[in-house]
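S.K.: Dropping a structure here in structure tokens format, bear with me for questions.
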Amino acid sequence: MRISIAIFLISLAMPALADDLPVFRQGLWEFDRSVDGGDGKPVALTTQKCTDPTADMKKKNEAALGTCKMSPVARSGNLYTFSAECTILGVSMQSKSVITAESDSAYRVDVEARQDGITTREQLTAKRVGDC
């Protein structure tokens, strides 16, 4: 349950002010995700999806507003940092996320989440690979 809640939180880990994020091109995107649930055994998953990452981030932000308290986005060059405190199904969790915008066709998200003394880490690398 802890890992599924962490993955749910991470999927919502978009800043409260999504307009402060860079704009990404829509198209066919490849997402490489690595999740370490705190046991030192990362799980990797690669998916492709026709999407608009900017619109997806805004939708996830709207969904998170009911369960999470988000910090303002801190920007330094192409790095966007924010944190969240969430209560999901009665479980409290804190996270810190860093988005590295490489271009309008590539970005990386690093998330560290803490729940019940256990720290989970996720890295998502996303790149646009073509048109839909």
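S.K.: Could you work out how much longer the chain between Lys69 and Asp131 gets when fully extended? Use 0.36 nm per residue separation minus the Cα distance between them, nm to one decimal.
M.R.: Numbers: separation 62, 0.36 × 62 = 22.32 nm, distance 3.54 nm.
Extending this stretch completely gives an extra 18.8 nm.
S.K.: Summing Lys, Arg as +1 and Asp, Glu as -1, what charge do residues with Cβ under 10 Å from the Cβ of Thr81 carry, Thr81 excluded? Mind showing how you got there, number by number?
M.R.: Details: positive: Arg75, Lys96; negative: Asp110.
So the surrounding residues net to +1.
S.K.: Follow-up question, since we're still on this one. Starting from the Cα-Cα distance between Val23 and Lys59, subtract it from 0.36 nm times their residue separation and give me the gain in nm to one decimal. Provide the component values of the computation, followed by the final result.
M.R.: Details: separation 36, 0.36 × 36 = 12.96 nm, distance 1.41 nm.
Going from the current span to full extension adds 11.5 nm.
Each value in this text was obtained by applying a stated rule to the coordinates, not by laboratory testing. Computed from a predicted model, the values in this text were never measured in an experiment. For neighbour counting, all protein chains shown are included, and Cβ atoms are generated from backbone atoms with ideal geometry for every residue, glycine included.
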